[in-house]
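**Student:** The following block contains the structure, expressed as structure tokens.
The values are calculated or read from the model by the stated rules, or taken from the named source; none is laboratory data. In this text, all values refer to a predicted model and were calculated from it rather than measured experimentally. Because the Cβ atoms are built from the backbone with ideal geometry, glycine has one as well, and the counts that use them run over all protein chains shown.
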Amino acid sequence: MTRILVAGGLGFIGSHLVERLLRREDVAECVVVDNLWTGSWRNLAHVEDSRLQILVEDVERVCLAGKFDEIYHLASPASPPWYMAQPLRTISANVVGALRLLDVLAPGGQMAYTSTSEVYGEPLVSPQPESYRGFVDCTGPRASYDESKRCVEAMLFEAHRAQGVRIKVVRLFNVFGPRTRVDDGRAVSNFVTQALRGRPITVFGDGAQTRSWGYIDDIIKGLERYFWADGVDYPGPLNIGNDREIPVLEVAEFIQRRFPKCPIVHLPAPPQDPTNRRPDLSLANRVLPGWTSLVPYEEGVERTIAWFRREMRPGAAAKRPLVANASAKAIGQNLRLV
Ligand SMILES: NC(=O)c1ccc[n+]([C@@H]2O[C@H](COP(=O)([O-])OP(=O)(O)OC[C@H]3O[C@@H](n4cnc5c(N)ncnc54)[C@H](O)[C@@H]3O)[C@@H](O)[C@H]2O)c1
């Protein structure tokens, strides 16, 4: 039976991943370590499964009994305003967190890491293949995130080469969908929450910068297949994302058509905002044959609007008990606040 640890499991992507992991019958125990910096206990409050344990702690400092067969390291904010507000904490979560997690990996176990397309920096090639070494400013305002992701990739590949540690490194491109924070601060969630509040939709710069938005369900399916379901023996790095490249303004205009009373206004672009992002998925197509993004951004945005509409209903949070009734027992027994 398999013992699993998910660092950052109360976050947007982590909570979806935990749900998939708990579908596995070979999983004896799934321990989530999360300090609730950007995550929310509500993301897993509906899960009723006695194998799930939630430890509210920093991954760098967590005390754990025994070793784990599979470790998933997602503990890091992904949104620029959040990681730029606490850059040293971001570096610590990624780098010190990874060192701590390697300590508790069982011999022969697998360590999986969610790296990012940000390792390509301001890319000079498009689409970006995994072999592209990127154009990153190691002293720039995004360095806490970009460089800590690059550092953890380096650590894991050294552990793989020097000690034979089994690793899986994915480079995720922009992911969106339900369970993003209302105050997340990135394009899709900003536009949707602004529109739902009847406020102007704010586009940074002229909006010509492109992104490749992957809907959460498609991305999680790719992660599930790569991390465990397909029995893949490839350390990565592997791009996972949607390769349909869309200007940010196009998404804003799509949302604005649904909320015609909300004008689009332009604000100054944040520092070193990448001008383009598009994954080269050739390797992903070989490693995960048949995997592809099925949900176009238009449909993903509609689903995200519906989710935020529920989340932002007046009193919605207050009406939701700290622990949902149905899962009070499971979460209540398995939540350890430190
Ligand atoms: N969302 C994206 O578009 C995207 C893109 C590329 C890479 N990623 C990576 O995927 C992972 C998850 O991203 P997400 O979008 O779910 O972000 P998120 O902010 O929703 O989740 C991160 C989780 O980690 C927790 N956390 C942060 N620091 C911690 C620490 N020191 N100890 C314990 N828990 C800690 C947070 O509380 C949160 O629950 C991150 O590593 C991120 O870099 C995300």
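**Student:** Within segment 58-109, work out how many residues are under 23 Å from residue 22 (Cβ atoms) and touching a residue at least 24 places away in the same chain (Cβ under 8 Å).
**Tutor:** Selection size over segment 58-109: 22.
**Student:** Please tell me if residue 229 is over 14 Å from the mean Cα position of the chain (by Cα), under 27 Å from residue 286 (Cβ atoms) and aliphatic (A, V, I, L, M).
**Tutor:** Yes: the conditions hold for residue 229.
**Student:** Consider segment 127-156. How many of its residues are in a helix (DSSP H, G or I) and within 18 Å of residue 238 (Cα to Cα)?
**Tutor:** Final tally of qualifying residues: 11.
**Student:** Scan segment 267-278 and give yes if some residue there is under 19 Å from the mean Cα position of the chain (by Cα) and modelled with pLDDT of 95 or more, otherwise no.
**Tutor:** yes
**Student:** Taking the conditions exactly as written (among the β-branched types (Val, Ile, Thr), under 26 Å from residue 111 (Cα atoms) and either surrounded by fewer than 19 Cβ atoms within 10 Å (Cβ to Cβ) or modelled with pLDDT under 95 (or both)), does residue 165 satisfy them or not?
**Tutor:** So residue 165 does not fit the description; no.
**Student:** Right, another one. Are any residues in segment 166-197 among the β-branched types (Val, Ile, Thr) and in contact with a strand residue (DSSP E or B) (Cβ under 6 Å, 6 or more places away or on another chain), and if so, which ones?
**Tutor:** Within segment 166-197, 167, 169, 170, 175, 188 qualify.
Every residue, every condition in (1) β-branched (Val, Ile, Thr); (2) over 17 Å from residue 120 (Cβ atoms), yes or no:
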position	(1), (2)
211	no, no
254	no, yes
272	no, no
292	yes, yes
295	yes, yes
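**Student:** Still on this structure, I have one more. Mind telling me which of the residues 214, 207 ends up being within 16 Å of the ligand (Cβ to nearest atom) and buried (at least 16 other Cβ atoms within 10 Å of the Cβ)?
**Tutor:** Within the list 214, 207, the selection yields 214.
**Student:** Checking the condition free of Cβ contacts under 8 Å to residues at least 60 places away in the same chain and closer than 16 Å to residue 97 by Cα, which residue from 33, 27 passes?
**Tutor:** 33
**Student:** Any residue in segment 129-157 that's on the phi > 0 side of the Ramachandran plot: show its pairings with residues that are in a helix (DSSP H, G or I) and not acidic (Asp, Glu) at Cβ separation under 6 Å, as long as the two are six or more apart or on different chains.
**Tutor:** Matching pairs, first to second residue: 134/119; 134/120.
**Student:** Only residues in segment 1-15 that are over 16 Å from residue 44 (Cα atoms) and in a loop (DSSP other than H, G, I, E, B) count as the first member; pair them with residues that are at pLDDT 95 or above and more than 10 Å from the ligand (Cβ to nearest atom), Cβ under 9 angstrom, at least 6 apart or cross-chain, and list the lot.
**Tutor:** Short answer, once both residue conditions are applied: 1/26; 1/27; 1/28; 1/29; 1/69.
**Student:** Looking only at segment 16-37, which residues are in a loop (DSSP other than H, G, I, E, B), under 23 Å from residue 225 (Cα atoms) and either out of contact with any strand residue (DSSP E or B) (no Cβ under 8 Å at 6 or more places or on another chain) or near the ligand (Cβ under 6 Å from one of its atoms) (or both)?
**Tutor:** 23, 25
**Student:** Let me ask something else. Of the residues that sit in segment 81-127 and are over 24 Å from residue 9 (Cβ atoms) and under 19 Å from the mean Cα position of the chain (by Cα), which one is surrounded by the most Cβ atoms within 10 Å (Cβ to Cβ)?
**Tutor:** Taking the candidates together, the pick is 120.
**Student:** Further, regarding this structure: In this structure, is residue 175 closer than 19 Å to residue 214 by Cα and in contact with a Leu (Cβ under 7 Å, 6 or more places away or on another chain)?
**Tutor:** no
**Student:** Out of 259, 254, 173, 204, which single residue is over 21 Å from the mean Cα position of the chain (by Cα) and over 19 Å from residue 302 (Cα atoms)?
**Tutor:** Result of the check over 259, 254, 173, 204: 204.
**Student:** A further question follows. Which condition breaks for residue 204 when tested against (1) in contact (Cβ under 8 Å) with a residue 12 or more places away in the chain; (2) touching a Lys or Arg at 6+ places or on another chain (Cβ under 9 Å)?
**Tutor:** Every condition holds for residue 204 apart from (2).
**Student:** Out of all the residues in segment 96-127, which are within 27 Å of residue 278 (Cβ to Cβ) and away from the ligand (no atom under 14 Å from the Cβ)?
**Tutor:** 122, 123, 124, 125, 126, 127
**Student:** Let me ask something additional. With the condition kept exactly as written, say whether any residue in segment 159-171 is in contact with a Ser or Thr (Cβ under 8 Å, 6 or more places away or on another chain) and closer than 17 Å to residue 70 by Cβ.
**Tutor:** Within segment 159-171, one or more residues are in contact with a Ser or Thr (Cβ under 8 Å, 6 or more places away or on another chain) and closer than 17 Å to residue 70 by Cβ.
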